[in-house]
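Undergrad: Dropping the structure in here first, questions after.
The values are calculated or read from the model by the stated rules, or taken from the named source; none is laboratory data. Just so we're clear, the structure is a prediction, and the values are computed from it rather than from any experiment. Cβ placement follows ideal geometry from the backbone for every residue including glycine, while neighbour counts extend to all protein chains displayed. The accessibility values were calculated without ligands, DNA or RNA, using every heavy atom of the protein model including side chains. Shrake-Rupley method; radii C 1.70, N 1.55, O 1.52, S 1.80 Å.
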Amino acid sequence: MIKDLLSKSKTTISFEVFPPKKDDDFQSVFTTLDALAKLNPDFMSCTYGAGGSKSKKTVEIASYIQNKLHIDAVAHMTCVGFKKEDLETNCENLKKEGINHVLALRGDRPSYMSDEQFNGREFFYATDMVKYLRENTSLQIAGACYPEKHYESESVQSDLAHLKEKIDAGVSFLVSQMFFDNDYFYRFLEKASDVGISVPVCAGIMPITSAKQIGTSVTLSGSSVPKALADIIANYGDNPEDMRKAGIDYAVRQILDLKEHGVDGIHIYTMNRIKTMTEIMGQI
Ligand code: FAD
């Protein structure tokens, strides 16, 4: 089980992948997965929904990771994407495929969804889905956390209080939102411990390899950009190859520092990029 791996003294390394947006590209993901598996991650997770993907694709990819690559797979699922009935079917599909781990998320409102539809979802917060999964399945459940607080939260303290409720409902480990300044993560761990959170936490790392990517990442995550990273973009943003190298170097330095601090796990948002991931894994 992943929570046991995370409790060992070694820092685990996990990868996040996403299903390709276009159906025509779907087969290519298996080549990507084969290449990423050769880098020996401790586990891999597959996103749901963002970018219009459907649950079957998440399950298919997670099944390939679990059964063909023999790496523990985590399937993401969201309250926004699943009515109770669909969630039951999804859980049955996961069981059939021998997938034991899920990341239970609320999800964000997609642009095509009205406020009414979004606010009418059957599972309102991730905690509601966690409770349901805990009571009705034997799945191991992970949850998301936010070192710089979730963008909707009024305060760090209220975000942490809700995070504690999510854990008490049945979350056995956490995966963090991306951050570019490790001090946010270390402060978050201290505050989480102060409110009684003791489950393992994986630190989310997004390698930034182009100037355009930082804009998208920051818009989606709300994470702040420290001066050191802003300087890299200012200096190398116009030169794609130099920018790529400097972005990889930045991510490697973040990861090495996290390992030195003995964090439980590092979860890399791979963006399905083989070359970038090969270079990073060669240096950590
Ligand atoms: P929740 O835990 O429900 O929290 C959402 C907000 O509600 C927070 O501000 C929290 O403090 C607050 N809250 C919680 N409970 C209560 C309560 N009882 N009363 C009042 N407020 C409350 N999105 C996707 O669509 N697909 C993915 O595959 C995906 N993968 C992700 C992976 C990771 C590691 C992370 C960090 C995020 C991922 N996301 C994904 C994005 C995620 O869906 C969004 O960040 C979303 O806005 C919040 O999800 P959550 O599960 O953290 O929500």
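Residue by residue, here is whether (1) of a type in the set (S, T, N, Q); (2) more than 13 Å from the ligand (Cβ to nearest atom); (3) out of contact with any His (no Cβ under 9 Å at 6 or more places or on another chain) holds:
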{"site": "113", "(1), (2), (3)": "no, no, yes"}
{"site": "117", "(1), (2), (3)": "yes, yes, yes"}
{"site": "131", "(1), (2), (3)": "no, no, yes"}
{"site": "134", "(1), (2), (3)": "no, yes, yes"}
{"site": "142", "(1), (2), (3)": "no, no, no"}
{"site": "159", "(1), (2), (3)": "no, no, no"}
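Undergrad: So, one more: Restricting attention to the range 10-38, report how many residues are in contact (Cβ under 8 Å) with a residue 12 or more places away in the chain, open to solvent by 50 Å² or more (accessible area, probe 1.4 Å) and over 14 Å from residue 269 (Cα atoms).
TA: Counting residues in the range 10-38 that are in contact (Cβ under 8 Å) with a residue 12 or more places away in the chain, open to solvent by 50 Å² or more (accessible area, probe 1.4 Å) and over 14 Å from residue 269 (Cα atoms) gives 2.
Undergrad: Then there's this: Might you let me know whether the range 173-189 holds any residue that is surrounded by fewer than 19 Cβ atoms within 10 Å (Cβ to Cβ), more than 10 Å from the ligand (Cβ to nearest atom), farther than 28 Å from residue 8 by Cβ and touching a residue at least 12 places away in the same chain (Cβ under 8 Å)?
TA: No, there is no match, as no residue in the range 173-189 is surrounded by fewer than 19 Cβ atoms within 10 Å (Cβ to Cβ), more than 10 Å from the ligand (Cβ to nearest atom), farther than 28 Å from residue 8 by Cβ and touching a residue at least 12 places away in the same chain (Cβ under 8 Å).
Undergrad: Using beta carbons and a limit of 8 Å, which pairs, at least six apart or on different chains, have the first residue in the range 113-128 and under 20 Å from residue 143 (Cα atoms) and the second one assigned to a helix (DSSP H, G or I) and hydrophobic (A, V, I, L, M, F, W, C)?
TA: Between residues of the range 113-128 that are under 20 Å from residue 143 (Cα atoms) and residues that are assigned to a helix (DSSP H, G or I) and hydrophobic (A, V, I, L, M, F, W, C), the close pairs are 123/87; 123/129; 127/169.
Undergrad: Across the range 206-245, what is the number of residues that are of a type outside the set (D, E, K, R), touching a Ser or Thr at 6+ places or on another chain (Cβ under 9 Å) and either closer than 26 Å to residue 41 by Cβ or within 16 Å of the ligand (Cβ to nearest atom) (or both)?
TA: 8
Undergrad: Condition test on residue 47, is it within 16 Å of the ligand (Cβ to nearest atom), in contact (Cβ under 8 Å) with a residue 12 or more places away in the chain and among the polar types (S, T, N, Q)?
TA: In short, yes.
Undergrad: I'm trying to understand the selection: among the residues of the range 258-284, which are in a helix (DSSP H, G or I) and under 27 Å from residue 76 (Cβ atoms)?
TA: Within the range 258-284, 258, 259, 274, 275, 276, 277, 278, 279, 280, 281 qualify.
Undergrad: What pairs come up if the first residue lies in the range 92-103 and is polar (S, T, N, Q), the second is part of a helix (DSSP H, G or I), and their beta carbons are under 6 Å apart, counting only those six or more places apart or on different chains?
TA: These pairs meet every condition: 93/59.
Undergrad: Residue 106 is checked against (1) over 25 Å from residue 256 (Cα atoms); (2) more than 16 Å from the ligand (Cβ to nearest atom) and fails just one. What number does that condition carry?
TA: Condition not satisfied by residue 106: (2).
Undergrad: Can you confirm whether the range 241-257 contains a residue that is surrounded by fewer than 21 Cβ atoms within 10 Å (Cβ to Cβ) and of a type in the set (Gly, Ala, Ser)?
TA: Yes, that holds for at least one residue.
Undergrad: Which ones in the range 78-104 are within 22 Å of residue 201 (Cβ to Cβ), open to solvent by less than 20 Å² (accessible area, probe 1.4 Å) and out of contact with any helix residue (DSSP H, G or I) (no Cβ under 6 Å at 6 or more places or on another chain)?
TA: Scanning the range 78-104 gives 78, 102, 103.
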